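All of the numbers you see were taken from the coordinates with simple rules; none came from a lab. From a predicted model like this one, the values you see are computed outputs, not experimental measurements. For neighbour counting, all protein chains shown are included, and Cβ atoms are generated from backbone atoms with ideal geometry for every residue, glycine included.
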Amino acid sequence: MTATPQLSLPAQHGNGLRLEHVSKRFVNAGGDTQLHVLDNIQLDIAPGEFITIVGASGCGKSTLLRLILGLEETNEGRILLDEKPIKGTGLERGIVFQDHRLFPWLTVEQNVAVGLKNAPLSPAQKRDTVREHIHLVGLQDFTASYPHQISGGMAQRVAIARGLVNRPSVLLLDEPFGALDALTRTRLQRELQNIWQQERITMVHVTHDVDEAVYLGDRVVVMQPHPGRIRRIVDIDLPRPRNSSDARFIALRDDVLSDFAEVS
Ligand SMILES: Nc1ncnc2c1ncn2[C@@H]1O[C@H](COP(=O)(O)OP(=O)(O)OP(=O)(O)O)[C@@H](O)[C@H]1O
Ligand SMILES: [Mg+2]
């Protein structure tokens, strides 16, 4: 197999994403007890890096993405993007959820255009940018289709196009392929990697699938629960595209799996 060179050099300037001693607690509905969800998360993500996060259900992975997105605030610590503390949501951070969250009454093109609502672009620029991103995810023949007329995998591609349409420097992905069948998932993993290699943005990708984490990640962050902490960070020093039947891939996958199994 001829492997493409490992893309480890950041294409973008800036200092990336820095999580500094991040802790998050939620107060329960009665207001008398606190749930300590994230404890002292420390992570430096280089610009253009692909980070995957695995961990038991409830260990705070989605909360971590919501903090980076700016939908939640930290109780302690801070999150910096290119050395600036993040405040609320911003066009430089996009997100893709497990459920595509497309509007059923809008076409593929209109759904992607939703992502550009607040972008400082002319209508013509918006139209071109939307088309370009629909092309990027290979849906140029479906621009006028409605969500119910396309498959789950295609809908997730639309969600990825919408997440990327503002050309964010960071794309957050919360189990984006979790609801897809195995074949579609494998295809979309490959496509996401191609998009990342083309666009060179920073990816923070949460998954339950350890194979997916090892296939996509420059580093795999293994989290553990109660409270959510980083247990270990595993470097995936394999050329891309990776082959999941390669002995080194299997060894790394088994290594992460053993960790993951212990804490689940
Ligand atoms: N807004 C909220 N208010 C109160 N508790 C919350 C809130 N959001 C999340 N939690 C709690 O925080 C904990 C972590 O939730 P989170 O969704 O981040 O976990 P997760 O690692 O993404 O789990 P999963 O793998 O199942 O998606 C859970 O116990 C959850 O109930
Ligand atoms: Mg979650």
How long is the gain from Q198 to N28 if the chain were fully straight, where each residue apart is worth 0.36 nm and the alpha carbon distance is subtracted? 56.9 nm
Name the lysines eligible as straight-distance cross-link partners of K126: C-alpha to C-alpha under 28 Å, and not fewer than 8 places from it in the same chain. K84, K87, K117
With the 8 Å Cα cutoff and a minimum separation of six or more residues, the chain has a relative contact order in percent of 27
Summing +1 for each Lys or Arg and -1 for each Asp or Glu, what net charge is found among the other residues whose Cβ lies under 10 Å from the Cβ of A159? +2
Cα convex hull volume per residue for the stretch 10-143 (Å³): 163
Other residues with Cβ under 14 Å from the Cβ of E72 give, with Lys and Arg +1 and Asp and Glu -1, a net charge of +4
What does the helix-only formula give at 222 nm for the chain: each DSSP H stretch with n ≥ 4 adding -39500 (n - 2.57), the total divided by the residues, and the result rounded to the nearest 500 deg cm²/dmol? -10000 deg cm²/dmol
Any idea what the relative contact order of the stretch 114-264 is, in percent, if you count C-alpha pairs under 8 Å spaced at least 6 apart? 17
Compute the normalised compactness of the stretch 82-166: alpha-carbon radius of gyration over 2.2 N^0.38 Å, N being the residue count. 1.10
Label points 7 Å out from Cα along the Cβ direction at Q149 and A119: separation in nm? 2.3
Candidates L67, L192, L183, ranked by Gaussian network fluctuation over the chain, Cα under 10 Å, top entry: L183
Using Cα springs under 10 Å in a Gaussian network model of the chain, which residue among D82, D44, D32 shows the largest mean-square fluctuation? D32
So what does log10 I(q)/I(0) come out to for the chain at q = 0.16 Å⁻¹, using the Debye formula with one equal point on every Cα and no solvent? -1.28
Taking H as built 1.01 Å from N, whose amide H comes closer than 5 Å to the amide H of G16, not counting residues under 5 places away? D82
